[in-house]
Amino acid sequence: MDTDEFIPGLHQPASLLPIAQHRASLLYVIETCPVTIIVGQTGSGKTTQLPQYLEQAGWCRDGKLIAITQPRRVAATTVAKRVASELQCPLGQEVGYSIRFEDVTSAATKIKFLTDGLLLREALVDPLLSRYSVIMVDEAHERSLSSDVLLGILKKIQKKRPELRIIISSATLQADEFLHFFENDNAIDEAEKAHNEEVNTQTGQIVKIEGRAFPVDIHYTTNPCENYLERAVQTIFDIHSSEPEGDVLLFLTGREEIETVIEMIADRIPSLANTADRILPLPLYAGLTTEQQMYVFESAPGHTRKIICATNIAEASVTIDGIVYVIDCGFVKLKAYNPSTGIDTLTATPVSKASATQRAGRAGRTKPGKCYRLYTEASYSRLAETTVPEIQRSNLAPTILQLKALGIDNIARFAFLTPPPAELVTRALELLYSLGALDEYAKLTKPLGIRMAELALEPMLAKCLLSATSFGCLSEMLTIAAMTSLQGNVWFTHDSKKKEENARWKFAVDQGDHLTLLNVYQAFITKGKKDAHWCRDHFLNFKSMTRAVSIRNQLRRYLERFGIDVSESLNTNNDVLRVGGEQATRPVEENIRRCLTSGYFAHAARMAPDGTFRTVDGKTTLHAHPSSLMFNRKADWVVFTEVMETGDKIYIRDVSKIEKSWLVEYAPEYYRVRS
DNA sequence: TGCATTGTT
């Protein structure tokens, strides 16, 4: 980097941040109102300064803590580090953070940053979250599943703990909605309401804080564009030839589009004049390894303009400095759960206005910028205001199990910020009932349901793990649960696909992907632990494998707490089990597949002669994902742990062979109803 | 036969 260049200071001295002028009024509002909604753009200092103000104002008296939740792990850690350094104290003392697998707090901690999902889990142990005097839910406008649920829980807690202070950080658009959510209370009786009015108590108040963003000029296309990839490339070269220096951020929907555009750019580079500045296209999506992602943060060589081609990861999760131009294709891939089929679909959908605004804002972080939208102004005006919240388009089985464990028996009466469609709730309740987590009155069962809720696993997988003891394969199921939790990030994607596939064969087991994953894990533990080279040679994602080890350890600790005996003497593949009953005569690999069936009976299919699969009702055609062993093997009946509809096909991944009779054996009620 | 956005416990 040139030493004679000025670097724009993104980190203002704390006294110069916009929030500093609001210190007194903010503290007053928080003192007098149970709920404060704080509207502040990036750079306002709300996340870093407000917790310090609160601590100094005495909110940590009597050993109470201030919690600030974040939707992402990195945010929780980086903000904690920043605040600790501002207060000049070692991280983990007065200021700390807590994320899964990492608890950097101590008895001295007063300000604690954590993920919203983790705070929700704390409520399982401490239902009133009584350790905290103030809870700030940051980035609540993102409307993640866990922050939505957290807000509902907080509303409930506040009735029993009126002294608790709740702070919600939101983008402008949704502030009123949050305020209304906390004010509007059907359960509150009329007498109490009248009393509140009499003493003039306000439930909540909105405080607006100006941000530190630069203006961004928005440009639209005059006509709808037929091929936004071509239009994007054209726009990049137009910017390059006529606009001053500054990097470009292009929003696309997925990996495939990104690779295509990068090739198209490369093809046109020779047409640039020899004297012209150069162009450097770079990909950015979550599927890349950390090392591959680092390139976008490095400064380009002299006279070179970086063109970052990214998915939605660059909208909120990853921030890149030096972006002056944003190109927005206007689409995003969104997941939506279909309650009638039980299948998630992933489809490109038009972005919301809120999303388009957020994308444009990425151009104005260090100086005034420009945003080129590859759609007309008329199309923009027809976009939805905000993205449909996750809670309205997700499989709610894990959420409802969690709510039940938190003591919310009547889901219909729970205060949802936006209620999920009834079919989603019904489907989730049905699944939880069929797994034995709920009884016929929709109450959590003991101990199965309670334990399933405590395990950090999706319900079907939790069921497998909790029935593993009776199949004599607990150690193996622990590994399989950890590996399938990685959701397909086991293998490292590489340019030479053939080699990658050959590497996979080394671990392959005839009966399916789960036993193959078990093999991979055992090889990693015995030969490749802490060895990134071994992983690279076998096309395995080192970071993912390390994570699997952590997940497995955590799950084992949970089981031990339940009083389940976890002996780690591994059976070898053809061992006959020394347990009682009829399974004693079975090889362990068969017991593993039976155990999988006991949790994944709802995910069963049969292979047709053409190699595709049919669901049990025969209505849906499924395809083995190319990363599955079953992509090019023969099978009859199978169960699978993942299913996703993309484009025009439904793919299943992590597939294992089973016997048809096992379905009726382990889920008699489920299959009786349907036959 | 040919591939999944992004988060989190």
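The values are calculated or read from the model by the stated rules, or taken from the named source; none is laboratory data. Small disclaimer: the values here were computed from a predicted structure and weren't measured. Backbone-built Cβ (ideal geometry, glycine too); neighbour counts: all protein chains shown. Just so you know, the surface numbers come from the protein's heavy atoms only, side chains and all, with ligands and any DNA or RNA stripped out. Shrake-Rupley method; radii C 1.70, N 1.55, O 1.52, S 1.80 Å.
Based on this model, can you work out whether A:Val318 counts as within 30 Å of A:Gly40 (Cβ to Cβ), within 16 Å of DNA strand B (Cβ to nearest atom) and part of a helix (DSSP H, G or I)?
Working: within 30 Å of A:Gly40 (Cβ to Cβ): yes; within 16 Å of DNA strand B (Cβ to nearest atom): yes; part of a helix (DSSP H, G or I): no.
So A:Val318 does not fit the description; no.
If I ask for residues that are within 8 Å of DNA strand B (Cβ to nearest atom) and buried (at least 16 other Cβ atoms within 10 Å of the Cβ), which ones from segment A:647-661 would you list? I'd like the intermediate steps shown before the answer.
Within segment A:647-661, the subset within 8 Å of DNA strand B (Cβ to nearest atom) is A:647, A:649, A:651-653.
Across segment A:647-661, the qualifying residues are A:Tyr651, A:Ile652, A:Arg653.
Among the listed residues A:Ser146, A:Ser98, A:Ser106, which satisfies the condition of being touching a Gly at 6+ places or on another chain (Cβ under 6 Å) and within 17 Å of A:Val74 (Cβ to Cβ)? Don't jump to the end; show me each part of the working.
Details: A:Ser98 fails: touching a Gly at 6+ places or on another chain (Cβ under 6 Å); A:Ser106 fails: within 17 Å of A:Val74 (Cβ to Cβ).
The unique qualifying residue is A:Ser146.
Assigned to a helix (DSSP H, G or I), aliphatic (A, V, I, L, M) and open to solvent by 60 Å² or more (accessible area, probe 1.4 Å): is that true of A:Met264 in this structure?
Numbers: assigned to a helix (DSSP H, G or I): yes; aliphatic (A, V, I, L, M): yes; open to solvent by 60 Å² or more (accessible area, probe 1.4 Å): no.
For A:Met264, the condition - assigned to a helix (DSSP H, G or I), aliphatic (A, V, I, L, M) and open to solvent by 60 Å² or more (accessible area, probe 1.4 Å) - is not met.
What's the total number of residues in segment A:505-552 that are assigned to a loop (DSSP other than H, G, I, E, B) and either open to solvent by 60 Å² or more (accessible area, probe 1.4 Å) or without any contact (Cβ under 8 Å) to a residue 60 or more places away in the chain (or both)? First the steps, then the outcome.
Going through segment A:505-552, the residues assigned to a loop (DSSP other than H, G, I, E, B) turn out to be A:506-511, A:529-531, A:538-539, A:541.
Those still in the list that are either open to solvent by 60 Å² or more (accessible area, probe 1.4 Å) or without any contact (Cβ under 8 Å) to a residue 60 or more places away in the chain (or both) too: A:506-507, A:510, A:529-531, A:538-539.
Of the residues in that region, 8 qualify.
Hey, can you tell me all the residues within segment A:432-448 that are surrounded by fewer than 22 Cβ atoms within 10 Å (Cβ to Cβ) and part of a helix (DSSP H, G or I)?
A:Tyr433, A:Ser434, A:Leu448
Considering only residues that are more than 15 Å from A:Leu151 (Cβ to Cβ), touching a Pro at 6+ places or on another chain (Cβ under 7 Å) and free of Cβ contacts under 8 Å to residues at least 60 places away in the same chain, which ones fall in segment A:383-424? Full working, then the answer.
Keep residues of segment A:383-424 that are more than 15 Å from A:Leu151 (Cβ to Cβ), which gives A:383-388, A:393-398, A:400-401, A:404-405, A:407, A:409-413, A:421-424.
In the following step, the residues that additionally are touching a Pro at 6+ places or on another chain (Cβ under 7 Å) were identified as A:383, A:396-398, A:401, A:407, A:423-424.
Result: A:Leu383, A:Leu396, A:Leu401.
Tell me which strands (runs of 3 or more DSSP E) are completely within segment A:3-117 and hold 1 or more residues being within 16 Å of DNA strand B (Cβ to nearest atom) and within 25 Å of A:Leu179 (Cβ to Cβ), or say none if there are none.
On the way: elements: A:35-40, A:65-70, A:95-99, A:102-104, A:111-115.
Those strands (runs of 3 or more DSSP E) span A:65-70, A:111-115.
For residues in segment A:118-144 being of a type in the set (A, V, I, L, M, F, W, C) and assigned to a loop (DSSP other than H, G, I, E, B), which is least open to solvent (accessible area, probe 1.4 Å)? Write out each step before concluding.
Quick first cut of segment A:118-144, residues of a type in the set (A, V, I, L, M, F, W, C) only: A:118-120, A:123-125, A:128-129, A:134-137, A:140.
Checking the rest, the ones that are also assigned to a loop (DSSP other than H, G, I, E, B) come to A:128-129.
Values: A:Leu128: 64, A:Leu129: 2 Å².
Residue satisfying both the conditions and the ranking: A:Leu129.
Considering only segment A:662-674, state which residues are within 20 Å of A:Leu622 (Cα to Cα) and either near DNA strand B (Cβ under 8 Å from one of its atoms) or open to solvent by 50 Å² or more (accessible area, probe 1.4 Å) (or both).
The first filter runs over segment A:662-674 and keeps only residues within 20 Å of A:Leu622 (Cα to Cα), leaving A:663, A:671, A:674.
Across segment A:662-674, the qualifying residue is only A:Arg674.
Here are some residues: A:Ser355, A:Ser379. Which one is assigned by TED's automatic domain parsing to the domain that holds A:Tyr228, part of a helix (DSSP H, G or I) and under 19 Å from the mean Cα position of the chain (by Cα)? Before the answer, list the steps.
Values: A:Ser379 fails: under 19 Å from the mean Cα position of the chain (by Cα).
Just one listed residue meets the conditions, A:Ser355.
Looking at segment A:347-369, is at least one residue of a type in the set (A, V, I, L, M, F, W, C), open to solvent by 60 Å² or more (accessible area, probe 1.4 Å) and closer than 27 Å to A:Leu154 by Cβ?
Looking for residues that are of a type in the set (A, V, I, L, M, F, W, C), open to solvent by 60 Å² or more (accessible area, probe 1.4 Å) and closer than 27 Å to A:Leu154 by Cβ, one finds none in segment A:347-369, hence no.
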